[in-house]
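Below is one structure, written out as structure tokens; the observations come after it.
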Amino acid sequence: MITGTRTGIGRALAEHFLDRGHQVVGCSRRPSAIEHPGYRHHEVDLTDGKGIKAMCRAVRAEHGYLDAVVNNAGVANMNHFMMTPEEVARKIFDVNFFAVLNCCRESAKLLQKSSGSPAILNVSSVAVPWALAGQLVYSASKSAVEQLTRVMSKEVADLGIRVNGIGLPPVHTVLTRTVPREKIDDLIGRQTLKRMCTMSDITGPVEFLISPESSFVTGETLFLGGVH
Ligand SMILES: NC(=O)c1ccc[n+]([C@@H]2O[C@H](COP(=O)([O-])OP(=O)(O)OC[C@H]3O[C@@H](n4cnc5c(N)ncnc54)[C@H](OP(=O)(O)O)[C@@H]3O)[C@@H](O)[C@H]2O)c1
């Protein structure tokens with residue numbers, strides 16, 4: 001199950017795993033253009049806890065279990081905190097943090113039924129380690145997700161579930177469309193590997209972290225591009 005599959009990284013991940021022969025459950029508020037016999041799309045607003053429960057009930061009825069959950073859906077608001085109204089800040093936390101928490105809770109029982117090495121993978125950002133100005137609320141929400149990853153990994157270890165994160169540098173998507181080119185270049189200049197991260201840079205590490213190949217890895221957030 002991958003959240004936020006209508007566009008960007010979520011869509012690229014869904015298409016990658018479909019190409020590999022997996023069954024993929026995706027979701028977003030709006031319909032998806034992915035047409036594949038192995039793909040099922042749920043139109044759900046992840047800020048609605050009941051919608052998440054209904055999606056997981058439908059997954060249980062159709063598949064009975066999940067091997068992996070990728071909490072990818074996210075929103076950003078690049079603005080000075082003094083220009084960020086409370087309702088905007090709360091909305092960002094609703095999608096980036098509370099929806100992740102709810103998806104983990106509702107999908108854990110389905111993950112327990114996997115016969116592989118079930119895993120949760122949460123998407124974070126360089127905005128956390130680099131504490132980027134203009135991204136206070138966004139980076140705080142992703143920081144909360146990284147802490148969720150560490151603590152939850154301990155709470156579900158006995159259930160056989162692993163919880164990891166992947167920390168991304170800038171990638172060309174709708175999310176970064178409005179970020180000025182100079183800002184993106186500045187961030188790339190801070191990476192050890194000085195080029196823009198592409199979808200194919202992401203799929204390999206994601207596949208590793210949700211596959212049995214990483215069955216002894218949990219509670220970690222792996223940053224791409226060399227972020228130190
Ligand atoms: N792009 C980057 O440079 C970058 C860097 C670091 C981390 N990230 C992280 O990577 C993840 C994916 O970002 P992206 O760049 O691929 O963004 P994107 O292209 O804007 O995609 C976000 C996806 O999430 C869905 N979504 C948003 N709010 C939702 C909600 N309330 N309920 C259900 N679905 C919702 C959107 O579909 P609908 O609009 O149809 O709901 C869309 O499919 C995010 O967590 C982001 O923070 C991105």
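The values are calculated or read from the model by the stated rules, or taken from the named source; none is laboratory data. All values derive from a computational prediction rather than experimental measurement. No Cβ is skipped: glycine too gets one built from the backbone with ideal geometry, and neighbour counts run over all protein chains shown. Please note that ligands, DNA and RNA were not included when accessible areas were found on the heavy atoms of the full protein model with its side chains. Shrake-Rupley method; radii C 1.70, N 1.55, O 1.52, S 1.80 Å.
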So, of the residues in segment 55-90 that are within 13 Å of the ligand (Cβ to nearest atom) and under 26 Å from LEU159 (Cα atoms), which turns out to be surrounded by the fewest Cβ atoms within 10 Å (Cβ to Cβ)?
-> MET55
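Would you confirm whether any residue within segment 26-38 is within 27 Å of ARG150 (Cα to Cα) and part of a helix (DSSP H, G or I)? It would help to see each step written out before you state the result.
Initially, segment 26-38 is screened for residues within 27 Å of ARG150 (Cα to Cα), giving 26-28.
Then keep just the ones that are part of a helix (DSSP H, G or I); that gives none.
No: segment 26-38 contains no residue that is within 27 Å of ARG150 (Cα to Cα) and part of a helix (DSSP H, G or I).
Each row is one residue, and each column tells you yes or no for (1) within 13 Å of the ligand (Cβ to nearest atom); (2) assigned to a helix (DSSP H, G or I); (3) at pLDDT 95 or above.
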site: CYS104; (1), (2), (3): no, yes, yes
site: LYS109; (1), (2), (3): no, yes, yes
site: SER114; (1), (2), (3): no, no, yes
site: VAL123; (1), (2), (3): yes, no, yes
site: SER139; (1), (2), (3): yes, yes, yes
site: GLU146; (1), (2), (3): yes, yes, yes
site: MET152; (1), (2), (3): no, yes, yes
site: ASP158; (1), (2), (3): no, yes, yes
site: ASP186; (1), (2), (3): no, yes, yes
When you scan segment 165-179, how many residues do you find that are in a strand (DSSP E or B) and more than 6 Å from the ligand (Cβ to nearest atom)?
-> 3
Among (1) within 29 Å of GLY51 (Cα to Cα); (2) in contact (Cβ under 8 Å) with a residue 60 or more places away in the chain, the one test that VAL156 misses = (2)
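With THR47, THR5 as the choices, which residue is more than 20 Å from THR149 (Cα to Cα), within 10 Å of the ligand (Cβ to nearest atom) and among the hydroxyl-bearing types (Ser, Thr, Tyr)? Spell out how you get there, then give the answer.
Working: THR47 fails: more than 20 Å from THR149 (Cα to Cα).
Going through THR47, THR5 in turn, just one is more than 20 Å from THR149 (Cα to Cα), within 10 Å of the ligand (Cβ to nearest atom) and among the hydroxyl-bearing types (Ser, Thr, Tyr): THR5.
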Look through ALA76, ALA99, ALA61 and report the one residue that is assigned to a helix (DSSP H, G or I), small (Gly, Ala, Ser) and under 25 Å from ILE202 (Cβ atoms).
-> ALA99
Cβ-Cβ below 9 Å, separation at least six or inter-chain, first residue in segment 194-209 and touching a residue at least 40 places away in the same chain (Cβ under 8 Å) and farther than 15 Å from GLY8 by Cα, second away from the ligand (no atom under 12 Å from the Cβ) and open to solvent by 50 Å² or more (accessible area, probe 1.4 Å): which pairs?
-> GLU207/ARG20; GLU207/GLU213; LEU209/GLU220; LEU209/LEU222
In segment 125-137, what residues are hydrophobic (A, V, I, L, M, F, W, C), more than 11 Å from the ligand (Cβ to nearest atom) and within 18 Å of the chain's Cα centre (by Cα)?
-> VAL137
Which condition number does ALA14 fail, the rest of (1) within 16 Å of the ligand (Cβ to nearest atom); (2) open to solvent by 70 Å² or more (accessible area, probe 1.4 Å) being met?
-> (2)
